[in-house]
Amino acid sequence: MIHINEELCVYCGACVAVCPENIIDLIDTHLKIDQPKCTDCMKCVKGCPIGVLSMERNGKIYAFDHPDRGLF
């Protein structure tokens, strides 16, 4: 399952662009994710330029904390 830190997301659409399954939609200022169709490839998590996405798999949370990442 993909988790989004909505407070930090700037809705840039990078996750939408890298998702190979096309299950992420950017609607206004909201991300819609079709969770059942997610293949857990983590490309959206890795592709988020500000690290607001994380993936929960088998009770563990996977995220990329890159302090130098960001759009600005």
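The values are calculated or read from the model by the stated rules, or taken from the named source; none is laboratory data. Predicted, not measured: the structure shown is a model, and the values here were computed from it. All Cβ positions, even for glycine, are placed from backbone atoms using ideal geometry, and neighbour counts span all protein chains on display.
Scanning segment 30-44 turns up one or more residues that are surrounded by 13 or more Cβ atoms within 10 Å (Cβ to Cβ), in contact with a Pro (Cβ under 9 Å, 6 or more places away or on another chain) and not polar (S, T, N, Q). Checking each residue in segment 18-47 for being hydroxyl-bearing (S, T, Y) and either on the phi > 0 side of the Ramachandran plot or at pLDDT below 90 (or both) picks out only T29.
Within segment 42-61, being over 11 Å from the mean Cα position of the chain (by Cα) and hydrophobic (A, V, I, L, M, F, W, C) holds for one residue alone: I61.
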